[in-house]
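Participant: Below you will find the structure I want to go over with you.
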Amino acid sequence: MNLARALGSVGGLTLASRILGLVRDSLFARYVGASFASDAFLVAFRLPNMFRALFAEGAFSAAFIPMFNKKVGDKDGGGLPDGIAFAQDVLSVLLPILIVMTVILEVFAWPVTLALSGKFHGVSHDQFAFAVLLSRFTIPYLMFISLVSLLGSILNSLQKFWVNAAAPILLNVTLIVALLAFHNHDPFVTARNQAVAVSVSGLLQLIWLYAACRANGVSIRPRPPRLNADVKRLLALIWPAAAGAGAVQINLVVSTALAAHFLQHGSVTYIYMADRVNQLPLGLIGIGLGTVLLPLISRQLGAGEDKAAMETQNRGMELALLLTLPATVALVLCGGPIVAALFEHGKFDAVDTVNTAQALAAFSVGLPSYILVKVLTPGFYARADTRTPVRYATISMGVNLVLNLALIVPLKHMGPPLATALASTVNTVLLYRALRQRGHFIPDARLRRRAWRLALAALAMGLILWLLQGLLTPYTHGSWPVRTGAMLVLVGAGGLVYAIATFVLGAFTRADLAFLRRRRAA
């Protein structure tokens, strides 16, 4: 498998989803603004978002894919039918658990919302009841997205990456349609309609993945639970993997709750909007790499190809740095015009833009570490080690809590994002050190030679963007065509400078370009 091509397939669809997500958020900012109504919806949306990241993009696939691949690839076994039988057993146990969990969360939506929001800051009983109502509307999404993660993991194991990568597009399309068709002059009504649309989108994603599995010869149906040895092992692996893969998401939940409790209304929205912009490169690079690397490395290790697995990890790290470093520099230096172009219209004003850009700069400091976690954790999961990542994730969450409490008062809405970024950096350092000590990841000469050159190229790009943003900022407040044009000029200029700098510094060569062309033609 060509890693770059597979990443391009997954990353391209993920990019499309993230762009649609920005359209959705831009419309949300227009119709709801930064207010208690927006904060209430975003708190209700945080739990489904966390489950999506933990299960659809993290824990479930991390535990399920190596076991499924082992069943399918066992030379003494039954191949794909054995893998499907294993998936059937998993569904028979997972579905009842999800139904019970959904009912419990619906019943206890009040304390759940309290835990996620810290009861907000100075709200009335009726306002908090509204936030609880929104949580009840979004909770069914948790069950749908967990079932989607099972079907998506099967398709990823069969190397049908694009089908699963396309599923989140349905979430964004559904919410966009709801905003355009059902927005109201009352932002509370619009927020309520968005909460309903979240669960509708989960059902649509489930239907999409089920149809794709059927089209690829995989048909699984609910049946009486069978808690056999394989399922017990999977369940034992999922929960540690959830904490290990979801440290960033769990940190964001903590940050959101503290911001809702300690800061003024709208602060949760600033942090959320900043995170959404930060998620664009994270979704394109990190999730794409994590999706492709885990099944590939687990298959190589299962076949005894340790050297090939090491090469795959090195090239994954190289791709991550190539794409992440310029994104980090751009978001830190040019957050203001980017946020203005995307969100500053309707109920979202200039003060909201400044506050969101500040939060974005704080988040973006940790962008390399967010993505490198996605690159490093497959090295553990492919070896069925989910305990080590969870240990380090627990340390990271402790660091995040301490830094949140220390920074939230002096830095306000910048405090929680900066705490999350620094905590993720701690997690990355610990993961990297463990893989090095075990001999499971050794940076090769090519990676060591190129890493510092990529950093210099990103800094050169940053200098040009810093000079350009002052000229382009006035155009980020115009009509949509003008805003789009300003962003295209900014991104295009930055990309061109970065590309030239990588060639001049030797971080990317003509031989690499020729190799990619041959791969594309093959």
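Participant: Just to be sure, is T353 surrounded by fewer than 24 Cβ atoms within 10 Å (Cβ to Cβ) and either among the hydroxyl-bearing types (S, T, Y) or in contact with a His (Cβ under 8 Å, 6 or more places away or on another chain) (or both)?
Facilitator: Considered against the rule, which asks whether it is surrounded by fewer than 24 Cβ atoms within 10 Å (Cβ to Cβ) and either among the hydroxyl-bearing types (S, T, Y) or in contact with a His (Cβ under 8 Å, 6 or more places away or on another chain) (or both), T353 comes out as no.
Participant: Identify all residues within region 298-348 that are outside any helix (DSSP H, G or I) and in contact (Cβ under 8 Å) with a residue 24 or more places away in the chain; write none if there are none.
Facilitator: Answer for region 298-348, where residues must be outside any helix (DSSP H, G or I) and in contact (Cβ under 8 Å) with a residue 24 or more places away in the chain: A303, C334, E344, H345, G346, K347, F348.
Participant: So N69 fits all but one of (1) over 25 Å from the mean Cα position of the chain (by Cα); (2) at pLDDT below 90; (3) not hydrophobic (A, V, I, L, M, F, W, C); what number is the exception?
Facilitator: Of everything listed in (1) over 25 Å from the mean Cα position of the chain (by Cα); (2) at pLDDT below 90; (3) not hydrophobic (A, V, I, L, M, F, W, C), N69 misses just condition (1).
Participant: I would also like to ask the following. Just to be sure I understand the filter: pairs with C-beta atoms under 7 Å, separated by 6 or more residues or on different chains, first member in region 350-361 and closer than 13 Å to D275 by Cβ, second member acidic (D, E) and surrounded by 24 or more Cβ atoms within 10 Å (Cβ to Cβ). Which pairs pass?
Facilitator: So the pair list comes out empty.
Participant: Could you identify the single residue in T420, T476 that is in the same structural domain as V254 (by TED's automatic domain parsing) and surrounded by 14 or more Cβ atoms within 10 Å (Cβ to Cβ)? Steps first, please.
Facilitator: Details: T476 fails: in the same structural domain as V254 (by TED's automatic domain parsing).
Answer to the check: T420.
Participant: In region 164-185, how many residues are at pLDDT 85 or above and either under 30 Å from A215 (Cβ atoms) or part of a helix (DSSP H, G or I) (or both)?
Facilitator: Just the residues of region 164-185 that are at pLDDT 85 or above, to begin with: 169-185.
Next, only the ones that are either under 30 Å from A215 (Cβ atoms) or part of a helix (DSSP H, G or I) (or both) stay: 169-182.
Residues flagged as at pLDDT 85 or above and either under 30 Å from A215 (Cβ atoms) or part of a helix (DSSP H, G or I) (or both) within region 164-185 amount to 14.
Participant: Among the numbered criteria (1) outside any loop (DSSP other than H, G, I, E, B); (2) surrounded by fewer than 21 Cβ atoms within 10 Å (Cβ to Cβ); (3) modelled with pLDDT under 80, which one does F51 miss?
Facilitator: Of everything listed in (1) outside any loop (DSSP other than H, G, I, E, B); (2) surrounded by fewer than 21 Cβ atoms within 10 Å (Cβ to Cβ); (3) modelled with pLDDT under 80, F51 misses just condition (2).
Participant: Determine which member of the set F161, F144, F188 is buried (at least 21 other Cβ atoms within 10 Å of the Cβ) and either modelled with pLDDT of 90 or more or closer than 25 Å to V268 by Cβ (or both).
Facilitator: F144 is the lone residue from the list that is buried (at least 21 other Cβ atoms within 10 Å of the Cβ) and either modelled with pLDDT of 90 or more or closer than 25 Å to V268 by Cβ (or both).
Participant: Further question: Filter region 100-158 down to the residues that are of a type in the set (D, E, K, R) and over 25 Å from the mean Cα position of the chain (by Cα) and list them by number.
Facilitator: Of everything in region 100-158, those that are of a type in the set (D, E, K, R) and over 25 Å from the mean Cα position of the chain (by Cα) turn out to be E106, K119, D126.
Participant: Given the options V112, V173, name the one that is surrounded by fewer than 19 Cβ atoms within 10 Å (Cβ to Cβ) and farther than 23 Å from V90 by Cβ. It would help to see each step written out before you state the result.
Facilitator: Working: V112 fails: surrounded by fewer than 19 Cβ atoms within 10 Å (Cβ to Cβ).
Every option except V173 fails the conditions.
Participant: Right, next: Out of all the residues in region 432-448, which are in a helix (DSSP H, G or I) and touching a Gly at 6+ places or on another chain (Cβ under 8 Å)?
Facilitator: Matches in region 432-448: L435 only.
Participant: Within region 216-229, is there a residue that is in a helix (DSSP H, G or I) and among the basic types (K, R)?
Facilitator: The answer is no; no qualifying residue exists.
Participant: Criterion first (touching a residue at least 40 places away in the same chain (Cβ under 8 Å), outside the structural domain of I297 (by TED's automatic domain parsing), surrounded by 21 or more Cβ atoms within 10 Å (Cβ to Cβ) and on the phi < 0 side of the Ramachandran plot) does L459 satisfy it?
Facilitator: No: the conditions fail for L459.
Participant: Right, here's the next one. So in region 502-522, with the set limited to residues that are of a type in the set (G, A, S) and within 16 Å of E318 (Cα to Cα), which one is modelled with the highest pLDDT?
Facilitator: So the residue we want is G506.
The values are calculated or read from the model by the stated rules, or taken from the named source; none is laboratory data. Please read all numbers here as calculations on a predicted model, not as lab measurements. Backbone-built Cβ (ideal geometry, glycine too); neighbour counts: all protein chains shown.
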